[in-house]
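As structure tokens, the structure follows; a few thoughts come after it.
Bear in mind these aren't lab numbers, they're just calculated from the coordinates by the rules spelled out. Everything numeric here is computed off the predicted structure, so don't read it as measured data. Here the Cβ positions follow ideal geometry from the backbone for every residue, glycine too, while neighbour counts run over all protein chains shown.
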Amino acid sequence: MDIDLYQIFGTSTKNIIKEMLDLDIKGMDSLKEEPGEIHSMGVSSIITFAGTRKGRLLIDMEPGLALYVANTLLGEEYDNIKNQMVLSTVSEINNIVSGDAVTQLNNSYSMRLRLAPPIVFTGQDVIISIPKISSLSSWGDTDYGRIRINIAWEGGNS
Amino acid sequence: MTSMDIEKIADYFTDSLRQVLRTMAGFEVSNTSCDQLDFSDKESNIIGIMVLHGKKDAVISLSMEYSTAAMVIAYMTGILPEELSESDLFDGVAELVNIMAGEVKARLSNTPYHFLLTSPFSIGGTSLKVARKKNLTEACRHLKAGEMDITFRIAYI
């Protein structure tokens, strides 16, 4: 079960991105511990969930990928990742991915997880720091830029 | 937490923060309501954030300049500001959110407004822009002591 708690988010990310955007994510097959702070690649979104355990998912994209996601889904031609609609689209992707993964976890393990709405942010040289909680990251590549997911559960994977 | 008047909830948190800053850092802080509620694109911001789970979920945040964070954390830890690393500031601001929320959680336990804490996190950088859902019920306070200016925000999500 323990590794499932992490891997399921990678599977959901690949499936949702493929379904919604017809975009393949290469990689995202392995998990690595993330040491300390996370340096954002461009646009990052965090969503938390709580039930029998508490955790959170961070989705981090390079600017090119964030723009492609927003432009493809919304049929627009945004060129600034600070545009509210671009940020909202990345946020919604996180919501859908997390909803899919959490539903599977609830069905399989009766975890009664409930999602809070995501928070999304961007900026220059953005650093995300989550003290006292270890996390695992998985990286993927697309034709439009890199994507990383970072998953953390309070209490680690025990 | 249920939908208690958000201004009243904001007062709980700012009272807690004032008490923490008084006892741990020796600052006497005054607080005022904010003129506008948007997260602004201030330069070199550092923001500590925590999501609270209750009957109604909420997100709380403390945002400040790096220099303010360094001053507050220096007084709290006894370490000189110039000796604090960026990582210390991130951890310190997240811990400040944690302490504040923990104190309010204790005060509201055994009431209909009780809530669960989640792990706080900090984000920092330049030209930082944070976006959430639009039209949220939210409240905001500025806490000031001399040149120190900390902005507290809470929103039902």
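Given the rule -39500 (n - 2.57) for each run of at least 4 DSSP H residues, summed and divided by the residues of chain B, what is its mean residue ellipticity at 222 nm, to the nearest 500 deg cm²/dmol?
Taken over chain B, the calculation gives -10500 deg cm²/dmol.
To the nearest 20 debye, what charge dipole does the stretch A:1-138 have about its Cα centre, counting +1 at the Cβ of each Lys and Arg and -1 at the Cβ of each Asp and Glu?
For the stretch A:1-138, the charge dipole is close to 660 debye.
Below 20 Å, Cα to Cα, which aspartates and glutamates can A:Lys32 reach? Residues fewer than 8 away in the same chain don't count.
A:Asp2, A:Asp4, A:Asp60, A:Glu62, A:Asp141, A:Glu154
Among all lysine pairs in the stretch B:6-156 that are eight or more places apart or on different chains, how many have alpha carbons less than 17 angstrom apart?
Lysine pairs meeting both conditions in the stretch B:6-156 amount to 9.
Give me B:Tyr75, A:Tyr6 sorted ascending by neighbouring Cβ count inside 10 Å, so fewest comes first.
If I rank by nearby Cβ atoms, fewest first, I get B:Tyr75, A:Tyr6.
Give a residue-ordered list of calculated ³J(HN,Hα) values for the stretch B:94-107 (Karplus: 6.51 cos²θ - 1.76 cosθ + 1.60, θ = phi - 60°; whole Hz; x for Gly, Pro).
4, 5, 4, 4, 4, 5, 4, 5, x, 5, 5, 4, 5, 5
Relative to the compact globular guide of 2.2 N^0.38 Å, what is the alpha carbon radius of gyration of the protein assembly as shown, as a ratio?
0.98
Which length gain, in nm to one decimal place, applies between B:Glu82 and B:Ser127 when the Cα-Cα distance is subtracted from 0.36 nm times their residue separation?
13.9 nm
Please give the calculated 222 nm ellipticity per residue for chain A, where each DSSP H segment of at least 4 residues contributes -39500 (n - 2.57) and the sum is spread over every residue; nearest 500 deg cm²/dmol?
After summing the helix terms and dividing by residue count, I get -12000 deg cm²/dmol.
If r is the Cβ-Cβ distance from A:Asp24 to A:Met85 and R0 is 30 Å, what FRET efficiency results, to the nearest 0.05?
Approximately 0.75, to the nearest 0.05.
Relative to the Cα centre, what is the charge dipole magnitude of chain B, using +1 at the beta carbon of each Lys and Arg, -1 at the beta carbon of each Asp and Glu, and rounding to the nearest 20 debye?
800
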